[in-house]
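Colleague: This is the structure I have questions about; it appears just below.
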Amino acid sequence: MTDTIPPDKSPYREDFPIFTAAGNEHLVYLDSAATSQKPSAVIRAVEEFETTFNSNVHRGIYPLSEKATEAYELAREKFRSFINARHSEEIIFVRGATEALNIIALSLGINRLKEGDEVLTTVMEHHSNIVPWQLLSWKGVRVKYAGIDDRGRLDMDDLNSKIGKRTRIVTVSHVSNVLGTINNVRELGRIAHDNGSIFIVDGAQSVPHMPVDVQAMNCDLMAVSGHKMCAPTGIGVLYGRRKLLQEMEPAFGGGEMISEVKQSGSSWADLPYKFEAGTPNISGAIGLGAAVDYLNGIGMEKLEEYEKGLLSYALSRMMEQDDIEIYGPRDPEERSGLISFNLKGVHGHDVAEILGREGVATRSGHHCAQPLMDVLNEPSTTRASFYLYNGREDVDALMSAIDKVRHVFR
Ligand SMILES: Cc1ncc(COP(=O)(O)O)c(C=O)c1O
């Protein structure tokens with residue numbers, strides 16, 4: 001357990017203008033796993049682009065467009081360094097983690113997967129790491145699911161029993177968006193590669209919260225969501241090892257992704273443009289670059305430590321209460337900064353609604369992880385998810401609001 005006691009008020013809260021907007025002064029925002037708030041630095045970077053050098057990238061040969069191209073490519077370089085990728089061509093800008101995983105599945109479906117091949121994933125995945133693979137069923141590709149133990153950790157024996165010579169792909173979330181479980185991606189990468197499988201990581205819930213090094217993880221492909229890490233919505237990253245991306249077919253066709261187009265067929269542009277068809281989200285990418293600068297200014301190790309402190313505090317407060325059932329590992333070292341829970345005898349939606357009325361924003365439902373809810377045998381949970389702008393006061397407000405729910409329902 002971490003010894004760091006979180007402060008009552010987060011020292012980072014004032015970087016986020018939403019908390020000083022009229023009516024939001026007491027906002028308790030515990031839904032960062034859905035989307036994070038945006039710091040002024042990101043909002044300013046987007047505004048500067050839109051108001052002073054908005055133009056398309058890689059097309060114009062006039063100064064405004066050159067400036068936009070430079071800023072767009074600088075954002076790519078910032079993100080490369082953030083996840084320690086080797087080459088900037090390995091960073092492909094996409095709309096979000098969902099689009100990244102769909103592009104990966106579509107592309108691998110074109111020339112790497114054939115009838116009878118298997119994709120091994122887990123029961124704790126977000127739908128975006130399940131459905132794109134199920135969509136390949138027309139090709140005869142089968143999806144298998146590794147289970148979890150009674151503490152919400154990946155069942156490695158089950159996973160090892162399901163990997164085999166037909167397993168072409170192993171694809172796993174780094175952090176579960178419901179259980180908070182941190183999966184041992186290094187070990188999973190070793191198992192996948194020993195089996196000759198491609199190893200894919202869904203980094204939507206990890207990259208915003210902890211240092212992530214794609215070389216150390218040895219993953220072949222990774223999906224990242226920008227809007228969960230202080231960047232605007234509509235921007236994300238598909239990371240891929242250069243050699244693999246070079247071998248993969250583009251999933252989308254159109255402008256910018258080609259080298260030459262003839263009536264008889266086309267050839268593709270070099271990386272990363274082969275996977276960036278059409279006008280990209282330029283302001284989003286610039287915002288993501290600013291988000292990386294902002295997070296680096298704090299330091300990802302420090303941010304992780306800060307969140308662990310908050311998580312430990314919240315877990316200990318919740319575990320004191322007999323009528324609260326918590327899902328996922330009990331040890332903060334095994335999980336990230338989100339807690340899914342149920343208050344005995346009260347539906348998750350009712351809990352979230354009353355919390356909302358008390359000014360505490362949480363999320364309830366199946367969290368786009370229905371196969372996991374089936375395993376947990378729960379229709380719904382309420383999820384409180386933390387980020388750097390939360391402090392002890394937010395956890396205390398959550399606990400008082402839960403008291404209110406008890407009061408209403410009993
Ligand atoms: C684990 C996980 N994967 C993927 C996604 C989808 O991310 P995006 O909203 O960027 O498409 C989410 C979003 O909640 C998630 O939690």
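Colleague: For region 105-166, calculate the relative contact order in percent as a whole number, restricting contacts to Cα pairs under 8 Å that are 6 or more residues apart.
Modeller: It rounds to 35 percent for region 105-166.
Colleague: Given a Förster distance of 30 angstrom, what is the FRET efficiency for A216 paired with A34, based on the Cβ-Cβ distance and rounded to 0.05?
Modeller: Taking R0 as 30 Å, the efficiency between A216 and A34 is 0.60.
Colleague: What distance in nm separates the simple spin-label points at N377 and M300, each placed 7 Å from Cα in the Cβ direction?
Modeller: Simple spin-label model gives 3.9 nm for this pair.
Colleague: Another question, then. Take every DSSP beta bridge with both residues inside the chain and express the antiparallel ones as a percent of the total, to the nearest 5.
Modeller: Around 60 percent of the beta bridges assigned by DSSP in the chain are antiparallel ones.
Colleague: Could you tell me the calculated FRET efficiency between R86 and K262, based on Cβ-Cβ distance and R0 = 30 angstrom, to the nearest 0.05?
Modeller: Given R0 = 30 Å and the Cβ-Cβ separation, E is 0.35.
Colleague: May I pose another question? Each label point is 7 Å from the Cα along the Cα-to-Cβ direction; what then is the distance between the points at D158 and D331, in nm?
Modeller: 2.0
Colleague: Still on this structure, I have one more. How do 50-57, 332-339 rank on mean C-beta neighbours within 10 Å, highest first?
Modeller: Highest to lowest by the protection proxy: 332-339, 50-57.
Colleague: Any idea how far apart L135 and E393 come out in nm if each label point goes 7 Å out from Cα toward Cβ?
Modeller: Each label point lies 7 Å from its Cα, and together they span 4.4 nm.
Colleague: Continuing with this model, one more query. How many percent of Cα pairs in region 43-296 exceed 33 Å?
Modeller: That tail contains 20 percent of the Cα-Cα pairs.
Colleague: Based on the mean of other Cβ atoms within 10 Å per residue, sort peptides 32-44, 109-121 so the most packed one is first.
Modeller: 32-44, 109-121
Colleague: Measure up K139/K274; K308/K404; K165/K302 against 30 Å on the Cα-Cα distance and list the ones that go over.
Modeller: Among K139/K274; K308/K404; K165/K302, the Cα-Cα distance tops 30 Å for K165/K302.
Colleague: P(r) for region 43-98, please, calculated from all Cα pair distances in 5 Å bins and given in %.
Modeller: Percent of pairs per bin, in order: 4, 18, 21, 23, 20, 12, 2.
Colleague: Roughly how many whole Å is it from the C-alpha centroid of region 173-194 to that of region 99-135?
Modeller: Centre-to-centre (Cα) distance: 16 Å.
Colleague: Sort 268-276, 233-241 by packing, meaning the average of other beta carbons within 10 Å per residue, with the highest value first.
Modeller: 233-241, 268-276
Colleague: Below 8 Å between Cα atoms, with a sequence gap of 6+, how large is the relative contact order for the chain in percent?
Modeller: 25
We did not get these values from a lab; they are worked out from the coordinates using the rules stated. Quick caveat: nothing in here was measured; it's all calculated off a predicted structure. When we count neighbours, we look across all protein chains shown, and the Cβ atoms used for this are built from the backbone with ideal geometry, even at glycine.
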